[in-house]
Amino acid sequence: MLSYPPTLMGQDADDYHGELIADPYRWLESTGDPSTAAWIAAQNQLTESLLAQCASRSAIRRRLTELSDYARFGVPFSRGGRWFQFRSAGLQDQPVLYLMDAPDVPGCPLLDPNELSEDGTVAIASVAVTSDGTLLAYSTRSAGSDWQTWHVRDVASGADLADTIEWSKFSRAVWRSDGSGFYYAGPERPDSGSEYLAAHGLQRVLFHRIGTEQAEDQLVFEAPDHPDWMPELRGSDDGRFLHIRVAVGTAPQARLYLLDLADPAAELCPVIADFESTTNVVTVIGSTLYLATDYQAERNRLVAVDLQRPDRQYWRDIVAETADTLSDVHVCGDRLVCHYLRDAHSVLTVHELDGSFVREIDLPAVGSVTDDLGGDNGICGHPDSDLIHFGVASFTESGALWSHRLSTGETAVLRPSAARLDPTQFTTEQVFVPSADGTDVPVFLVRRTDLVPTGDVPVLLYGYGGFNVPVMPRFSVLFAGWLDSGGLLAVANLRGGGEYGRAWHNAGRLAAKQNVFDDFCSCARWLASSGWSRPGRIAITGRSNGGLLVGACLTQHPELFGACIPGVGVLDMLRFHQFTIGRAWIADFGSPDDPDQFRWLRGYSPLHNLQSGTRYPATLLLTGDHDDRVVPGHSFKFAAALQAAQGGDAPVLIRVDTSAGHGAGTPTSKIIAESADLLAFLQITLRLTDAPAA
């Protein structure tokens, strides 16, 4: 058994509705405290000492570097006759924004974030170009933080203007059609020293006029009586309207406000004044709003809303609900392009503006329409052009760039996938696993074509299960490395996600959250009983809410797994709402301040359900020192508590990355390093090589 660094146990405790609950490791929440820093250093040293025992660690890292060294191309978009595209040459830490005269020409770099820091930890968070293509608003994030700083660049000269907007968060920019300024979101400036831990302030929408100081920015929206309201802003295709979607925390149902930018005297106007339905604006044509919604449509539909009569009784079906889940809709070339999820993979259909069906665009059987280099949703087009571009990726294909001509139906692959993994050597199938209550849970199984069930196949089981987020086929260096080594990859579509509409989400949130853990554990049991593997060869992993998933499953059923890797997880369900943006998650988790909701949170909170003396599986926690979404204190406290509770010989380790956050904007070099360490950990703990046992 490993000798763990000593961890001081404090006397902190809280009374939750009559139950006194100790919190002995609360001091580890103070990430910047010298004592916490010393603890982190000792834990990292221990982790490094064990990973160094993996004889193939260097070879793993070299192979992951090879698998990462391929050209990547984002989905191009046009503004004012100019074309823009994110690209990466391969091992660049951050993708570069290119300026082109056409979507299929070399072009030249317009914005290279790799020049902004020596270690590649400054990333582009969001970009927005004026309708005439002359100005670029872009925000940067540093060291993995969610905080954004906005700058404005002249596209022709490549020079930045003097404008700088600090302390924005979870925001895109929306330009006024005349280019005079842009709208953005953010809270009040945080107190010095509290930027990475303090509860998120009231989120507001402001307008910044070019050439003025940030202090002069105009307040457009705030709800001081409702600090949990989260505004999200977008603009209409013609630049006439700013629309602000306001949700309660992370809940998908939202209010909707419009601001007519063509009228200087116009005020923000509520179009939907309750939280009874999702309200995803597609476009505004004249006085008609096209809206994708789940109102009277479990898996979403597209409706037309007359802005003069916005009440729901007047909504008209344009594209009715189908058996597939409508994910998003785009207006391009006077037609509608609908992106559906069919059992968690992408389907694209084309419709006339009146909703009549035109065609389905032929796509790979199991793929996702996506853009992992900066695009919002993987599809780019314009109402004035019948040409659309979109990206398609899978578990074994790194992402191809496609085009489709709406007028002719012609589809072409402009750039094929370029990763150094031969997709013809692998197969992907989908199985449906019965959960504890009989619900069928889809699971993607990805493997080499010659891999067969032996009862001893090493398995990496991945899941998320929350926040209405669908888990779809995607390419990652971690998955690629695992498949390349001969392992079976299992990706589960758990309840709580967005794969099958509102009921599927609701079946995995609030009081029903236990369903998510039952689903995941049922998948692990199936992998063992189906002949593929056995518990000692099954590893589970997930990040963020997926880290909670791994933490809950390892505490509830440690006998099912050989290794557990919770990444940046929410692991203290009694204090998650006390930090940064945590209170927004009450919409999915519930609140420990409510007596009834406390009981179900207490029932599965990973930190509070560890039992001393239990033989827990090998565990490697992953977090970053600048994670200001799920603060690293979650992982620190859970690691300390699990080390103290461990009754077996399996190692309990934590890997704390520096200048790293929740995941967005992570440099390629850090992704490779973390993935290599994760695979080395599995080599040791699942006994995949002759590496020394832990």
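Given the whole protein assembly as supplied and a 1.4 Å probe, what does the accessible area of HIS634 come to in Å², nearest 10? Taking all protein chains as shown, HIS634 has close to 10 Å².
Taking only alpha carbon atoms, region 224-329 gives an Rg to Rh ratio of 0.96, where Rh is the Kirkwood radius.
Across every pair of different alpha-carbon atoms, what Kirkwood hydrodynamic radius in Å does region 432-537 reach?
Value: 14.1 Å, from the Cα pair sum.
In the context of the full set of protein chains, residues of the chain present 38 Å² of accessible surface per residue (probe radius 1.4 Å, heavy atoms only). Rolling a 1.4 Å probe over the protein heavy atoms of region 216-284, with every protein chain left in place, gives an accessible area that is 46 percent carbon and sulfur. What the Kirkwood sum gives for the chain is a hydrodynamic radius of 26.1 Å, with every pair of different alpha carbons counted. For the charge dipole of region 49-125, defined by +1 on Lys and Arg C-beta atoms and -1 on Asp and Glu C-beta atoms about the Cα centroid, which residue among VAL75, ALA123, MET100 has the Cα displaced farthest towards the positive pole? With unit charges placed on the Cβ atoms, the residue in question is VAL75.
Simple point charges give the picture: +1 on the Cβ of Lys and Arg, -1 on the Cβ of Asp and Glu, and for region 582-621 a dipole about the Cα centre of about 220 debye.
Per residue of the chain, the DSSP helices (runs of n ≥ 4 H) give a summed -39500 (n - 2.57) that works out to -5000 deg cm²/dmol at 222 nm. In units of the rule-of-thumb radius 2.2 N^0.38 Å, region 446-603 shows an alpha carbon radius of gyration of 1.07. Computed packing ranks the peptides 29-39, 472-482, 610-620, 538-548 as 538-548, 472-482, 610-620, 29-39, most packed first, by mean other Cβ atoms within 10 Å.
When only the Cβ of Lys, Arg, Asp and Glu is charged (+1, +1, -1, -1), the dipole of the chain relative to its Cα centre reaches about 1660 debye.
Taking the Cα centre of the chain as the origin and placing charges on Cβ (Lys, Arg +1; Asp, Glu -1), which of GLY487, TYR295, LEU307 is farthest toward the positive end of the dipole? It is GLY487, whose Cα lies furthest towards the positive end.
Largest first, the three principal axis extents of the alpha carbons in region 160-304 are 47, 37, 26 Å in whole numbers. By the compact-protein rule of thumb, 2.2 N^0.38 Å, the alpha-carbon radius of gyration of region 557-694 corresponds to a ratio of 1.12.
Listed by number, the DSSP H helices of the chain that run 20 Å or longer by alpha-carbon position along their axis and have mean Kyte hydropathy of at least -1.0 are 34-51, 514-529, 668-685.
Which value results for Rg/Rh of region 46-198 when Rg is the Cα radius of gyration and Rh the Kirkwood radius based on the inverse mean 1/r? List each step's numbers first, then the result.
Working: Rg = 18.8 Å, Rh = 17.7 Å.
With Rg and the Kirkwood Rh in hand, the quotient comes to 1.06.
With all protein chains in place and a 1.4 Å probe, the accessible surface of region 498-601 carries 51 percent carbon and sulfur. Think of each Lys and Arg Cβ as +1 and each Asp and Glu Cβ as -1; about the Cα centre, that makes the dipole of region 500-560 roughly 140 debye.
Starting at 0 and stepping by 5 Å, how many percent of the alpha carbon pairs of region 412-463 end up in each bin? The percentages, shortest bin first, are 4, 13, 16, 21, 18, 12, 8, 5, 2, 0.
Out of every Cα-Cα pair that region 629-694 contains, those further apart than 20 angstrom amount to 44 percent.
Dividing the Cα radius of gyration of region 1-103 by 2.2 N^0.38 Å, with N the residue count, gives 1.90. Counting every Cα pair in region 311-373, what percent are over 21 Å apart? Roughly 27 percent, rounded to a whole number.
Protein heavy-atom surface of region 345-398, 1.4 angstrom probe: 46% of the accessible area is carbon and sulfur, with nucleic acids and ligands not counted.
On the principal axes of its alpha-carbon atoms, region 228-280 has extents of 31, 20, 17 Å, going from largest to smallest. When the surface is traced with a 1.4 Å probe over the full set of protein chains, MET100 keeps roughly 0 Å² accessible. Relative intensity of region 316-431 on a log10 scale, I(q)/I(0) at q = 0.12, 0.13, 0.14, 0.21 Å⁻¹, equals -0.43, -0.51, -0.59, -1.22, per a Debye sum over C-alpha point scatterers of equal strength in the absence of solvent.
Dipole orientation for the chain: of the candidates VAL220, GLY235, TYR604, TYR604 has the Cα lying most toward the positive pole (charges on Cβ; Lys, Arg +1; Asp, Glu -1).
The values are calculated or read from the model by the stated rules, or taken from the named source; none is laboratory data. Keep in mind that what you see is a predicted model, and the values were worked out from it rather than measured. Quick reminder, even Gly has a Cβ in these numbers, built from the backbone with ideal geometry, and neighbours come from all protein chains shown. For accessibility, only protein heavy atoms count, side chains too; no ligands or nucleic acids. Shrake-Rupley method; radii C 1.70, N 1.55, O 1.52, S 1.80 Å.
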